[in-house]
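First, the structure itself, so that you have it in front of you.
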Amino acid sequence: MTQSKVKIRFFQIGITLLLICFLGCGNNQKKKKELTETKVESPTEPFFKISLAQWSLNNAVNNNGADPFDFAKDAKALGFEGVEYVSQLYQDKIDSLGLQVVLEKLKSESKKHNVENVLIMIDDEGSLASTNDEERKIAVENHYKWVDGAQYLGCHSIRVNAHGVGSYDNVAEAAVKGLSKLSEYAKNKNINILVENHGGYTSNGEWLANVMKKVGKSNCGTLPDFGNFCQTKDYGSINDENCKEAYDLYKGVNELMPYAKAVSAKSYDFDTNGNQPKIDYLKMLQIVKDAGYTGYIGVEYEGNNLSEKEGIIATKNLLISAAKQLN
């Protein structure tokens, strides 16, 4: 073989080896990439957003002198997207400063800390289900300023109570009248009127669902609370040791979810596994998910074995953990 032919032969062998190496290395790189991609898990987002109900911090405000105007700041620091105000925690501020000044401060703080104003929980403004026509009229009109306030803050709703004294049917009839009147006013403000199961007849899921049917207005709905189903105690807490008659929690939430525009994740003392012994969160969230709800779920901690902020975080973690296990 001539010298030129030898050179050509070595050149061909070199090219072949380079191609083998290139193809082999390319496949190895592809395999490494595929392996890497299979190891990267995208985080599972819950089907809902999480807000903080200010009642979770009621002891700090009522007993320890915390400033309720710090609510937006505290909620943001705890990792929440939205806030749910409680009117009674601002009563001293309203008395001294006036409602409009309070609302302006709340709006400023929510913008400063980049949290969404979700709703205001209204208490102590009269009985919207009073069987006395004049009392009910006064109660309805007392809520008008809160409808206006919710609109100013950019909330979607106010939470109200539909309490009244009388028979099952008579109070239901009065509730329909009171809620219908208030909802008519709120419709022009683009605000929802939400009734929470919060003691008395309202802690009976069937009763409240039937009231909603009879009101029949698109801006009147419910705020199902996971725990407020005691019918013999004020405000319905099943955590009250003196609760003698409690409605089935899961049946109640299931009955109220078709009308729900907000949901309250009530929590009490936690066990060593981070669960709620009195409320099966997995079962409860499955009901909420099956109803097609994707809005805010508000954390509302009322326990004693953790501090308020520890209980808030534990409740939030339980919500996220349970959501990951759902079908």
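The values are calculated or read from the model by the stated rules, or taken from the named source; none is laboratory data. Values in this document were obtained by computation on a predicted structure and should not be read as measured data. Cβ placement follows ideal geometry from the backbone for every residue including glycine, while neighbour counts extend to all protein chains displayed. Heads up: the accessible areas ignore ligands, DNA and RNA and are worked out on the full protein's heavy atoms, side chains in. Shrake-Rupley method; radii C 1.70, N 1.55, O 1.52, S 1.80 Å.
Quick one: length gained pulling Asp133 to Lys112 fully straight, 0.36 nm per residue minus the C-alpha distance? Working shown, then result.
On the way: separation 21, 0.36 × 21 = 7.56 nm, distance 4.33 nm.
Difference between extended and current length: 3.2 nm.
Same structure, new question: With the full set of protein chains in place, find how many percent of the accessible area of the chain is carbon and sulfur; take the probe as 1.4 Å.
Details: 8280 of 16790 Å².
Of all accessible area on the chain, carbon and sulfur atoms account for 49 percent.
Taking H placed 1.01 Å from N in the peptide plane, check which residues at least 5 places from Gly298 or on another chain put their amide H under 5 Å from its amide H.
Distant-sequence amide H within range of Gly298: Ser51, Val263, Ser264, Ala265.
Enter the angle in degrees (range 0 to 90, nearest 10) between the Cα long axis of helix 144-153 and the first principal axis of the Cα atoms of the chain, meaning the one along which they spread out most.
It works out to around 20 degrees.
Further, regarding this structure: Under a Cβ-Cβ cut-off of 12 Å, what is the net charge of the residues other than His113 that fall near it, where Lys and Arg count +1 and Asp and Glu count -1?
Values: positive: Lys73, Lys76, Lys107, Lys111, Lys112; negative: Asp70, Asp74, Glu81, Glu109, Glu116.
Around His113, the surrounding residues sum to 0.
Hey, with R₀ at 35 Å, roughly what FRET efficiency would Gln325 and Tyr152 work out to, going by the Cβ-Cβ distance, to 0.05?
Working: r = 40 Å, r/R0 = 1.13.
Efficiency for this residue pair is about 0.30.
Considering amide H positions built from the backbone, and no H for Pro or chain starts, which residues 5 or more places from Glu116, or on another chain, come under 5 Å of its amide H?
Gly82, Val83
In addition: Tell me, what is the percent relative contact order of the chain, built from C-alpha pairs under 8 Å that lie six or more residues apart?
Working: 574 pairs, mean separation 48.7, N = 327.
Computed value for the chain: 15 percent relative contact order.
What whole-number value in Å² describes the accessible area per residue of region 278-320 for a 1.4 Å probe?
On the way: 1790 Å² over 43 residues.
Per residue, region 278-320 has 42 Å² of solvent-accessible surface.
So, with +1 on the Cβ of K and R and -1 on the Cβ of D and E, and no other charges, what is the size of the charge dipole of region 44-152 about its Cα centre, to the nearest 20 debye? Display every interim value, and only then the final one.
Values: 11 positive and 19 negative charges, 89 e Å.
Charge dipole of region 44-152: 420 debye, to the nearest 20.
Could you tell me which label, among (1) 27, 26, 19; (2) 56, 22, 20; (3) 31, 27, 19, carries the value of semi-axes √(5λ) of the Cα gyration tensor in Å calculated for this structure?
Calculated semi-axes √(5λ) of the Cα gyration tensor in Å: the matching label is (2).
With point charges of +1 on the Cβ of Lys and Arg and -1 on the Cβ of Asp and Glu, referenced to the Cα centre of region 70-209, which listed residue (Ala175, His198, Gly149) lies farthest in the positive direction of the dipole?
Farthest towards the positive end: Gly149.
Using a probe radius of 1.4 Å on heavy atoms only, what accessible surface per residue do you get for region 76-203? Whole Å² is fine.
Values: 5520 Å² over 128 residues.
Computed with neighbouring chains in place, this is 43 Å² per residue.
With every protein chain in place, what's the accessible area of His198 (1.4 Å probe, Å², nearest 10)?
Roughly 20 Å² of His198 is accessible to a 1.4 Å probe.
Counting residues in region 52-153 as N, plug N into 2.2 N^0.38 Å and put the Cα Rg over that result. Let's see the in-between values first.
Details: Rg = 14.4 Å, N = 102, 2.2 N^0.38 = 12.8 Å.
Working it through for region 52-153, the quotient is 1.13.
Please give the length that would be gained between Ala77 and Asn170 if that part of the chain were fully extended, namely 0.36 nm times their separation in residues minus their C-alpha to C-alpha distance (nm, one decimal). Can you show the working numbers first?
Details: separation 93, 0.36 × 93 = 33.48 nm, distance 4.60 nm.
Value of the extension gain: 28.9 nm.
Which of Lys137/Lys189; Lys73/Lys107; Lys137/Lys233 have a Cα-Cα distance over 22 Å?
Values: Lys137/Lys189 19 Å; Lys73/Lys107 12 Å; Lys137/Lys233 26 Å.
With Cα atoms farther than 22 Å apart: Lys137/Lys233.
Among all stretches of the chain without exposed GluC sites (Glu not before Pro) (DSSP loop, at most 14 other Cβ atoms within 10 Å), which one is longest? The partial results should precede the final answer.
Working: sites that count: Glu41, Glu241, Glu245.
Formally, the longest exposed-site-free interval is 42-240.
Here's a follow-up. Please list, by residue number, every one of the trypsin sites (Lys or Arg not before Pro) in region 221-327 that is coil in DSSP and has at most 16 other beta-carbon atoms within 10 Å.
On the way: sites: Lys233, Lys244, Lys251, Lys261, Lys266, Lys278, Lys283, Lys289, Lys309, Lys316, Lys324; in loops: Lys233, Lys244, Lys261, Lys278.
Hits after loop and neighbour filter: Lys244, Lys278.
Express in % the proportion of alpha carbon pairs of region 173-284 at distances exceeding 16 Å. Before the final figure, lay out the partial values.
Numbers: 3649 of 6216 pairs.
Value for region 173-284 (Cα pairs over 16 Å): 59 percent.
Can I ask one more? Return one number: the angle in degrees, 0 to 90 and rounded to the nearest 10, between the long axis of the Cα atoms of helix 133-142 and the longest principal axis of the Cα atoms of the chain.
The angle comes out at about 40 degrees.
State to the nearest 20 debye the size of the charge dipole of the chain about its Cα centre, where the only charges are +1 on K and R beta carbons and -1 on D and E beta carbons. Walk me through the numbers on the way to the answer.
Details: 38 positive and 42 negative charges, 568 e Å.
About 2720 debye.
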